[in-house]
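Data block below; observations after.
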Amino acid sequence: MPLTTAEGKEAVTLARETLEAHVRGVRPLPPPPDSGVFSQKRGVFVTLSTVRAGTKALRGCIGYPEPIKPLGRAIREVTVFASEDPRFPVPVSAEELDRIVVEVSVLTLPRDISAQSRRELPSKIRLGADGLIVSNSYASGLLLPQVATEQGWDQEAFISEACAKAGLPMDAWLREGTRVQVFQAEIFTETSPGGRVERVEQATQG
């Protein structure tokens, strides 16, 4: 069931409060909501971006692709993980908080792409609407729907970059042993660090 605008704002507020408390060493962390959509198990990612001179740069992005935990608890946990994203040399510091924009993406269940041949897989991807999970028996990579539009990728570039995210060759999607799944996301973001929260509406292509 889709989130309401109020629920999306509550999700981002929870992520922001969790980020602030964790980075500042405040315990306990804010309790997650435990009713309504927040009590339902949902996949979710939290993205942290640093804003400088109007330009956003990734500072952390981690989540649960599958609905393994209630949404409220999942948001709190992945916010902490995103603040310590191992791709960056140091965790988010208190001095950075007033430059960071918080974004929450609540996911649908992943599903396999249906195509008559492997080469048709990119044509089944709706840019701006579909996120990708590429996996095999030992590796997995996920890219959120907004990444393709932010980077200006076409469908083949998007699926190739998802392979690279998994640590696989960029043409691994052509191999029968590679699983390609799509999912959708409801995205809510701060318009400025700690500022107003809005739903992200993305144009769909493909």
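The values are calculated or read from the model by the stated rules, or taken from the named source; none is laboratory data. These numbers were taken from a predicted model, which means no experiment stands behind them. Don't worry about glycine lacking a Cβ; one is built from the backbone with ideal geometry, like all the others, and counts go over all protein chains shown.
Report, by residue number, each residue of region 79-99 that is under 23 Å from VAL200 (Cβ atoms) and touching a Lys or Arg at 6+ places or on another chain (Cβ under 6 Å).
none
Matching residues to (1) farther than 27 Å from LEU97 by Cβ; (2) surrounded by 15 or more Cβ atoms within 10 Å (Cβ to Cβ); (3) among the aliphatic types (A, V, I, L, M):
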position	(1), (2), (3)
SER114	yes, no, no
ARG119	yes, no, no
LYS124	yes, yes, no
ALA157	yes, yes, yes
SER160	yes, yes, no
GLU176	yes, no, no
ALA185	no, yes, yes
ARG196	no, no, no
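Identify, please: which residue in region 110-130 is part of a loop (DSSP other than H, G, I, E, B) and of a type in the set (A, V, I, L, M) and is, among those, nearest to TYR64 (Cα to Cα)?
Checked region 110-130; the qualifying residue nearest to TYR64 (Cα to Cα) is ALA129.
Within region 1-109, which strands (runs of 3 or more DSSP E) (wholly inside it) include 1 or more residues that are at pLDDT 95 or above and surrounded by fewer than 19 Cβ atoms within 10 Å (Cβ to Cβ)?
Output list reads 43-52, 55-64.
Considering region 1-51 alone, what residues qualify as being within 16 Å of ILE62 (Cβ to Cβ), among the aromatic types (Phe, Trp, Tyr) and either out of contact with any Gly (no Cβ under 6 Å at 6 or more places or on another chain) or without any contact (Cβ under 8 Å) to a residue 60 or more places away in the chain (or both)?
Listed by number, the list is empty, since nothing qualifies.
Among the residues of region 109-142, write down those that are closer than 19 Å to LEU168 by Cα and among the hydroxyl-bearing types (Ser, Thr, Tyr).
The first filter runs over region 109-142 and keeps only residues closer than 19 Å to LEU168 by Cα, leaving 112-113, 118-119, 121-122, 131-142.
Answer for region 109-142, where residues must be closer than 19 Å to LEU168 by Cα and among the hydroxyl-bearing types (Ser, Thr, Tyr): SER135, SER137, TYR138, SER140.
Can you tell me which residues in region 173-186 are within 14 Å of the chain's Cα centre (by Cα) and under 24 Å from SER123 (Cβ atoms)?
Across region 173-186, the qualifying residues are VAL182, PHE183, GLN184, ALA185.
Restricting to region 110-123, and then to whatever is under 22 Å from GLN151 (Cβ atoms) and within 21 Å of the chain's Cα centre (by Cα), can you tell me which residue is modelled with the highest pLDDT?
PRO122
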